Amino acid sequence: MGELFGLLFLLVVGGSGIASSVRIINQGNMALVERLGSYSRRLEPGLNFVLPILDRVVYEGTIRERVLDIPPQQCITRDNVSITVDAVVYWRIIDMERAYYKVENLKMAMVNLVLTQIRAEMGKLELDETFTARSQVNETLLKDLDIATDPWGVKVNRVELRDIVPSKAVQESMELQMSAERKKRAAILTSEGEREAAINSARGKAEAQVLAAEAEQKAAILAAEADQKVVVLRAQAERQDQILRAQGTAEAMKIVATALSEHPKAKDALQFLLAQGYLDMGRTIGHSDSSKVLFMDPGSIPATIEGVKSLIDQTPG
């Protein structure tokens, strides 16, 4: 009976020893093993064996990328403005031995390091620059943190500032400043619009006046040319009329001269026609609306006829 209990004890102890010597490490993790208090080796993902009692797994952690959330932190800018800044850091362990043995609390050490770097960078900038230089600050933090955490076996892949919040008093003053700036821009745009409208209106009036003056000038030129053409045509018509009258008179004189040369008694008929024409002229003047008073002595008519006859007699036959 005692032998049976002894065998069972050996089986239990042996089974527990075998079980304690087997260690399974999940994919993406690593483990550190110490032998008799000193670092021995590193366990890779998969099935691993350790020596019971002699070997001890002191640390097991992930080598995948992790996110470190940095709590909001009060910072003072270069122009003495209080702001609250928080950030997020993406990092991973690349050397498990250094991450465990070089620093006691890796996460706390990284948080304090990031907060210190953020305060230092914010102190170099003025308030307005903190909103525009976010990418530059992220790059600077990434470079500095990657160098500072390298002895700890940590690789910092990315640093992002999430929120930069000024104090309430600063926010109120910024809102007042932005409101004043918007009003200023609106006033400038309104004045520029009114100026452009006035310029366009004046330019339109000037162009309208120029066009009206050009139209009047062209109309005056055309009217003067028309008047000139009328005067020329009228002068040409009068000239033509005078030429025709002169030609008619010349032909009439030729006819009269021919008749006088061919018919000797035609002189008496001509004298009668001249006397009749003289009397008709007086009658016409008397019936005209704009006639003048013509004083004529009836006794002078025969004398006038005789004078005309003497002119005719002197005409060469």
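The values are calculated or read from the model by the stated rules, or taken from the named source; none is laboratory data. All figures in this text were calculated on a predicted structure; none of them were measured in a lab. With ideal geometry, Cβ positions are generated from the backbone for all residues, glycine too; neighbour counts draw on all protein chains shown. Quick note on the areas: whole protein, heavy atoms, side chains included, nothing else; ligands and nucleic acids left out. Shrake-Rupley method; radii C 1.70, N 1.55, O 1.52, S 1.80 Å.
Values for this structure:
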| item | result |
| --- | --- |
| Residue in region 132-148 that is within 25 Å of Asp69 (Cα to Cα), at pLDDT below 90 and basic (Lys, Arg) present | yes |
| Filtered residues of region 130-168 (kept if free of Cβ contacts under 8 Å to residues at least 24 places away in the same chain and open to solvent by less than 70 Å² (accessible area, probe 1.4 Å)) | Ala133, Asn138, Thr140, Leu142, Asp146 |
| Subset of region 86-113 (residues that are touching a Pro at 6+ places or on another chain (Cβ under 7 Å) and in a strand (DSSP E or B)) | Asp86 |
| Unmet requirement for Pro52, which otherwise passes all of (1) part of a strand (DSSP E or B); (2) open to solvent by less than 80 Å² (accessible area, probe 1.4 Å) | (1) |
| Conditions (1) without any contact (Cβ under 8 Å) to a residue 24 or more places away in the chain; (2) in contact with a strand residue (DSSP E or B) (Cβ under 7 Å, 6 or more places away or on another chain); number of the one not met by Ala120 | (2) |
| Looking only at region 103-113, and only at residues there that are open to solvent by less than 80 Å² (accessible area, probe 1.4 Å) and more than 15 Å from Gln73 (Cβ to Cβ), the one that is modelled with the highest pLDDT | Ala109 |
| Within region 161-213, tally of residues that are assigned to a helix (DSSP H, G or I) and either of a type outside the set (D, E, K, R) or within 30 Å of Ala87 (Cβ to Cβ) (or both) | 35 |
| Only one of Lys102, Lys155 that is in contact with a strand residue (DSSP E or B) (Cβ under 7 Å, 6 or more places away or on another chain) and closer than 24 Å to Tyr59 by Cα | Lys155 |
| Tabulated pairs, region 176-200, first in contact (Cβ under 8 Å) with a residue 60 or more places away in the chain and among the β-branched types (Val, Ile, Thr), second open to solvent by less than 100 Å² (accessible area, probe 1.4 Å) and not in a helix (DSSP H, G or I), C-beta under 6 angstrom, 6+ apart or interchain | none |
| Looking only at region 65-85, and only at residues there that are outside any strand (DSSP E or B) and at pLDDT below 90, the one that is least open to solvent (accessible area, probe 1.4 Å) | Thr77 |
| Selected residue (criterion: farthest from Thr62 (Cα to Cα)) from residues of region 1-44 that are open to solvent by 80 Å² or more (accessible area, probe 1.4 Å) and at pLDDT 85 or above | Leu36 |
| Filter result for Thr116 (in a helix (DSSP H, G or I), open to solvent by less than 20 Å² (accessible area, probe 1.4 Å) and closer than 24 Å to Thr77 by Cα) | no |
